[in-house]
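**Student:** Once you've had a glance at the structure underneath, I'll fire off some questions.
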């Protein structure tokens, strides 16, 4: 765009929308690939037939399979620190600090939190089927979709003194308190596992993250619910990709519209210049065929008396309409940033050459 560079804000918006659209589309395609693999994954019951199926499978391995069973610890189970009757195989303890921070731009207090302590405990566990056949679950913390039940949640509020309140307003931070939570994957929970199913040499069945890069799932919901959640996730990323692409297209349309008007103004000015020159030439021919030319002394005096109010070096040779002011030369008129009369600020709709007789 010669003489019409894109503004920084428009370039930033366009680049951000294209980058965000690309990222969202990449994640959407990845989600769709995962959904296709979930749809193609075979379902197996955890029973005695499962070992027979794996024995006749090449490598005694199914790269992507779906199983469902009840959680049981392979050894001693974990006990909740707060509810002694709760036992599980995974335990997550989280301590978060909540603060109010003063935002000088919006002139409001905004919530802020940071993690003070995070601990995860795990013991080996298996999924038990209908006839006590078990599948050992490996690397459960690497799985997606694992939802643990909250067994404890408590907020410890801070009591303030007068000095604390004054200090908070001076520092711009208020400590609200600390929230401690405990989550557990309880013994007996029905778990849906999607991953690589393998039969070891000692006859044990293991479920582990797929070696082909497919997504590993452990979920306490059924398989249909798990697929539905993945469909919703894919649709959200698709919507974000489309919205980002539309935003980029809107920026391009805005820039294109502005450029079109820029060209249109240039075309109109060029047409106006040609019309002015035509009328000026016609006037000069009419004066040349008149009764007699003016004397050079009169021309010099007229040039001084009717000098352009802008450049002061050229005669006033144009009339600005509709206001009718005669104040500048045509060269200075062409340099106006806005088509407004410099005397009365009225919009200029047309310009005509001026003849002195």
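The values are calculated or read from the model by the stated rules, or taken from the named source; none is laboratory data. For clarity, every value in this text was computed on a predicted model and none was experimentally measured. Here the Cβ positions follow ideal geometry from the backbone for every residue, glycine too, while neighbour counts run over all protein chains shown.
**Student:** Within region 262-279, can you find the residues that are free of Cβ contacts under 8 Å to residues at least 12 places away in the same chain and surrounded by 11 or more Cβ atoms within 10 Å (Cβ to Cβ)?
**Tutor:** Going residue by residue through region 262-279, those that are free of Cβ contacts under 8 Å to residues at least 12 places away in the same chain are 263-268, 270-271, 274-275, 277-278.
Within region 262-279, 263, 265, 266, 268, 275, 277, 278 qualify.
**Student:** Something else: Within region 87-137, count every residue that is outside any strand (DSSP E or B), touching a helix residue (DSSP H, G or I) at 6+ places or on another chain (Cβ under 7 Å) and buried (at least 17 other Cβ atoms within 10 Å of the Cβ).
**Tutor:** Within region 87-137, the first condition is being outside any strand (DSSP E or B), and the residues that meet it are 104-107, 123-124, 129-133.
Add one more test, that the residue is touching a helix residue (DSSP H, G or I) at 6+ places or on another chain (Cβ under 7 Å), and what stays is 131, 133.
Within this subset, residues satisfying the condition of being buried (at least 17 other Cβ atoms within 10 Å of the Cβ) are 133.
Of the residues in that region, 1 qualify.
**Student:** Same structure again: Look at residue 81 and say whether it is assigned to a strand (DSSP E or B) and either more than 30 Å from residue 34 (Cα to Cα) or in contact with a strand residue (DSSP E or B) (Cβ under 6 Å, 6 or more places away or on another chain) (or both).
**Tutor:** Against the criterion (assigned to a strand (DSSP E or B) and either more than 30 Å from residue 34 (Cα to Cα) or in contact with a strand residue (DSSP E or B) (Cβ under 6 Å, 6 or more places away or on another chain) (or both)), residue 81 does not qualify.
**Student:** Sticking with this structure for a sec: When you check residue 142 against the structure, is it at pLDDT 90 or above, closer than 28 Å to residue 221 by Cα and surrounded by fewer than 15 Cβ atoms within 10 Å (Cβ to Cβ), yes or no?
**Tutor:** Yes, satisfied.
**Student:** Could you list all residues from region 224-249 that are in contact (Cβ under 8 Å) with a residue 40 or more places away in the chain and within 30 Å of residue 60 (Cβ to Cβ)?
**Tutor:** 226, 227, 230
**Student:** Over 23 Å from residue 217 (Cα atoms) and assigned to a helix (DSSP H, G or I): does that describe residue 52?
**Tutor:** When the stated conditions are applied, residue 52 passes them.
**Student:** Still on this model: Please go through region 159-191 and pick out each residue that is more than 34 Å from the chain's Cα centre (by Cα) and either assigned to a helix (DSSP H, G or I) or on the phi > 0 side of the Ramachandran plot (or both).
**Tutor:** Across region 159-191, the qualifying residues are 162, 163, 164, 165, 166, 167, 168, 169, 170, 188.
Residue-wise test of (1) more than 34 Å from the chain's Cα centre (by Cα); (2) without any contact (Cβ under 8 Å) to a residue 12 or more places away in the chain; (3) within 25 Å of residue 242 (Cα to Cα).
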{"residue": "10", "(1), (2), (3)": "no, no, yes"}
{"residue": "14", "(1), (2), (3)": "no, no, yes"}
{"residue": "18", "(1), (2), (3)": "no, no, yes"}
{"residue": "26", "(1), (2), (3)": "no, yes, yes"}
{"residue": "30", "(1), (2), (3)": "no, yes, yes"}
{"residue": "47", "(1), (2), (3)": "yes, no, no"}
{"residue": "53", "(1), (2), (3)": "yes, yes, no"}
{"residue": "58", "(1), (2), (3)": "yes, yes, no"}
{"residue": "84", "(1), (2), (3)": "yes, yes, no"}
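**Student:** Within the bounds of region 203-223, is there any residue that is exposed (fewer than 13 other Cβ atoms within 10 Å of the Cβ), out of contact with any helix residue (DSSP H, G or I) (no Cβ under 8 Å at 6 or more places or on another chain) and free of Cβ contacts under 8 Å to residues at least 40 places away in the same chain?
**Tutor:** yes
**Student:** Further question on the same structure: Return yes when residue 39 is surrounded by fewer than 14 Cβ atoms within 10 Å (Cβ to Cβ), touching a helix residue (DSSP H, G or I) at 6+ places or on another chain (Cβ under 8 Å) and either in contact (Cβ under 8 Å) with a residue 24 or more places away in the chain or outside the structural domain of residue 247 (by TED's automatic domain parsing) (or both) and no when it is not.
**Tutor:** Judged against the criteria, residue 39 is a match.
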